[in-house]
Amino acid sequence: MIAFLEAFIRGLGIGSVYALLAIGFVIIYKSTGVISFAQPAMMISGAVVVSYVVPAIGFVLLPGLAFIVAMLIGAIAIAALALGVERAAIRPMVGRPVFVVAIITIGLDIAIRVVANGFIGLGARPIGDPWGLTRFSIGDLQVQWRHVAMMITTALVLAVLFWFFRYTRFGLAMRAAAFDQEAALTQGVSVGSVFAMSWAMAGGLAALAGALLATGAGVDQQMWIVALAALPAIILGGLDSLEGAVIGGLAVGVVESLVGSYQRQFAPWLGDNFAVVSPYMLMLLVLLARPYGLFGTPEVKRV
Amino acid sequence: MSTATRTATSDPAGRPSGHATPRPGRASRLRGRPGFYRSYEQELALFNTRPKQVGVAVLVAFGLLMPWVLTDPLLQTLAVAFVFAIGALGLNIVTGLAGQVSLGHAFFLGIGAYTAAAISGDPEGRTIGFGITFLPLWLIAAGVVAAVAGVIVAPLATRLRGLYLAIVTLGLVFLGEHIFKEWQDLTGGAGVGREAATPEMFGYAFDEDNTFLTQDQNLYLLMFVLLLIFALFARNLARSKVGRAFAAVRDRDVAAEMMGINLGRAKLLAFAISSFYAGCAGALLYTITGFFDPASFNLLLSVQFIAMVLIGGAGTVAGTIMGALFISLLPSLTREVPSYLPFISRQVTDIPNVFQLEQILYGLLIVGFLLFEPRGLFGIWIRIRNYWKSWPFSY
C-alpha cells in the first residue's frame, strides 16, 4: 500500500509537469488550430536558460529563491523566443493547411534543439535546484520534495491562468478568438496578438515544465522526449479542452508511474522501460473508444 | 497540364467521336505544341509529353552509366539515397496523394527490415532466421508484412482526422521502437543489432565483388532498377482510378464521399500501399551497410521522410525522388563545409560541429521551403520550366 501511494504521488508530481506542457499545446491549438511540435525544444531551452541563470544570480540570493527567480527569468526568456518564432515562421503561414504549419514546427524544433543541446553538452547539466533528490516522510510514506514543488507550481500556474482567462480583457479576447476567429475580428479583437500571446504563454509554460523536470537529475539531451509524453495527455483530454489537458496530464503521469512500479512484477513480458511508452498505449486504447478524447469536442461535418 | 486544351469530343477531322474514327488514344499530336492534347488518353499517358519521354530516357541512361563514372563511396551514398527515395515515394502516396499525415513511416520501415532480415537470416545464428536469401521473395514478403501492419493501423486512421492522426502515428513510432528493442530474438536488442537481409538472386550476390562489378556498383544498379520499378508504379497509381480517389479524399473528404468514394477503403488502401513501399525500403536500406540496430527506427527517421516529401514537392513522384536525393546527399555536402568554414569542427565533441550543422540544416530547410516554396524542389523546376517555355515573354 505504501509503495502504491508513493508511486501515485510520484505520478501526480510528474503528471502535473505533463499538465503544464499539455496546457501549452492546448492554448496554441485553441487559438491557432495547430499543434506545435516545437514545444519540446522550448522546454529544453527553458531548462538550459535556468541552468545558466541560477549560478549567475546564486551569490546574491538564497539558493531556493535563486531557483524560483531563475525559473521566472527562464519563462520570460522562452516566451520572448516563442514570440519571435511565431512572428518569423508561423504568422506568414496563416490560412495555409494546419498540417503544413505543424511540419514547420517540427523543423523549428529540430533547429532550436540543436542549439540548446550545444549549451547542454554531452552529459547531464545540473540545474541548481535546492531540492535534488531529498525527501521527507509522513509516517512510512516517503515523498520527494521536487514532486511537491511540481504540484505547487502547477497549482499556482493554473490559478493564474484561470484568473487570466476569466477576468482580464485579453483573456476574454483569447477565448473569443478561439471560439470564432472571424466574429472576434469584427468585434475588434486583434487576432494576430492573440496568436502571439498564445505562443508566448505556451513557451513560458514549457520553460517552467523544463526547469521542474530537470530538478533532481539535471537537464540532458534526451529530455525532449519527455515533452512528447504530453501529446498522449492532450489526446486523452481532447485537443481543445484545458481541463482535459490537466486531467490528461495527471492521468498520464500516474499511469506511467504505476506501470513503472508494477509492470515488472505482473507483466514482465512487456519488456524493460515499458513505462516510457505506456502513455502511447493508453492513448491508443482511449482513442479506440472515443476518437476525440475524453473532453474534446467532436468535429461536426456539415454536408 | 491543367491549362492544356482538350479536344476529346471531336477527332481532327471535326466529326463527333463515337463513330468509326481511329481510337482516340492514337490521335496524332501537333508538332511544336507539346501541351496540346487531342484525347484524354494522351493527357493521362504515363509520360504525357515528348520532352518528358526524352527527359526520362536520358536520365535513366545517365543513371545506368554512373557506376563507370563515379567512385565507389559515392555510388554507395547514391544507392542509399535511392532506397530512401523508395520509402519517400511510399510516404508521398499516403501524405502527398491521399492527404493523411503519417509520422509513423519509420515503424513500417522497421517492420520491413526485420521481416526481410528474418527470412534471409542464418538459421543457425543468434537471431531468428530462415535462410531464404532469394531477393524477390524477402523483398515482397517485407512489403506485404508491412502492408498488413498498415491495414491494422488504418482503422484508427479512418476514425481520426488531421492532427489527431499525426499524433497517433507518432505514438506508433515510440511503441515500435520499444518492441524492436525488446524482441531480442528477432532484432538482437538495442546496441547490438543483427545482420540485414542478403541481396542474392539466382546465385548472383549483389553484396559481393565479382569479376565484372564491385560490390558498390552491384548495389547501385540493383537499387537504381528497383527505384525505377517503384517510381513507375507510383506514377501509374496516381493516374489510375484509385489515385484519383486518393486525391479527392485529400482535397475534400466530404465531397469525395458524396461522389461515391468509400473513405474508409481509400484510406485503408493508401496506408497499405504506403506501408508496402516503406517495408520494401526498410528491407533494402540495410543490405547496403549489412548491419542495423533497433534504435534506427526513431522519430528522426520519420521526420527525414517527411522532409524528403515536402522539400521535394508533396504529391509528385519526380519531386519526391529529388527531395530524397537532396536530403540523403546533404550529409556528404555538410562534411565538406569545414574545408571552407574552419570554425566548424569535424569532431563530435566540439561546438559547433558538422553534425549539428547537418541537423540545423534539416530543420531550417523544412521551414524555409514551406515558407517560401511550398511546392518544393518540384515547384522550383516548374518555375524554371515555365520561364523558358514562354521566353522571351516570361511575365
Which of A:43, A:71, B:308 has the fewest Cβ neighbours within 10 Å, and the rest in rising order: A:71, B:308, A:43
Residues B:389, B:241 arranged by fewest to most Cβ contacts within 10 Å: B:241, B:389
Over chain B: helical MRE at 222 nm, DSSP H runs n ≥ 4 each giving -39500 (n - 2.57), nearest 500: -20500 deg cm²/dmol
Under 5 Å, built H, 5+ apart or other chain: amide partners of residue B:194: B:292
Region B:248-395, relative contact order in percent, only Cα pairs under 8 angstrom and at least six apart counted: 18 percent
Global form of region B:49-383, assessed from the alpha-carbon gyration tensor, a/c cut-off 1.5: rounded
Expected 222 nm ellipticity per residue - DSSP helices of 4 or more, -39500 (n - 2.57), all of chain A, to 500: -23500 deg cm²/dmol
Mean-position separation - Cα centroids, region B:292-353 and region A:236-258, in angstrom: 35 Å
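Taking every DSSP beta bridge that has both residues in the protein assembly as shown, what percent is antiparallel when rounded to the nearest 5?
75 percent
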Integer Hz, Karplus 6.51/-1.76/1.60 couplings in order for region B:112-118, x for Gly and Pro: x, 4, 6, 4, 4, 5, 5
At R0 = 25 Å, FRET efficiency that the Cβ-Cβ distance of residue B:364 and residue A:76 yields, to 0.05: 0.45
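Counting only pairs 8 or more places apart or on different chains, how many lysine pairs in the protein assembly as shown have C-alpha atoms closer than 28 Å?
Summing the qualifying lysine pairs gives 7.
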Label-point separation, residue B:132 to residue B:57 (7 Å along Cα→Cβ), nm: 4.0 nm
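Restrict the search to region B:165-214; then list the chymotrypsin sites (Phe, Trp or Tyr not before Pro) that DSSP places in a loop and that have at most 14 other Cβ atoms within 10 Å of their Cβ.
B:202, B:212
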Helix B:263-289 vs. chain B, principal-axis angle (Cα, 0 to 90°, nearest 10): 50 degrees
Relative contact order [Cα under 8 Å, 6+ residues apart], region B:49-383, whole percent: 29 percent
Rounded D (µm²/s) - the protein assembly as shown, Kirkwood Rh over Cα pairs, Stokes-Einstein at 20 °C, 1.002 mPa s: 78 µm²/s
Order of B:105, B:178, A:147 - criterion: other Cβ atoms within 10 Å of each residue's Cβ, fewest first: B:178, A:147, B:105
Chain A: relative contact order in percent, alpha carbon pairs under 8 Å with at least 6 residues between: 35 percent
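FYI, it's all coordinate maths here, none of it is from the lab. None of the values given here were measured: they were computed from a predicted structure. Positions of Cβ are generated from backbone atoms using ideal geometry, with glycine treated the same way; all protein chains shown enter the neighbour counts.
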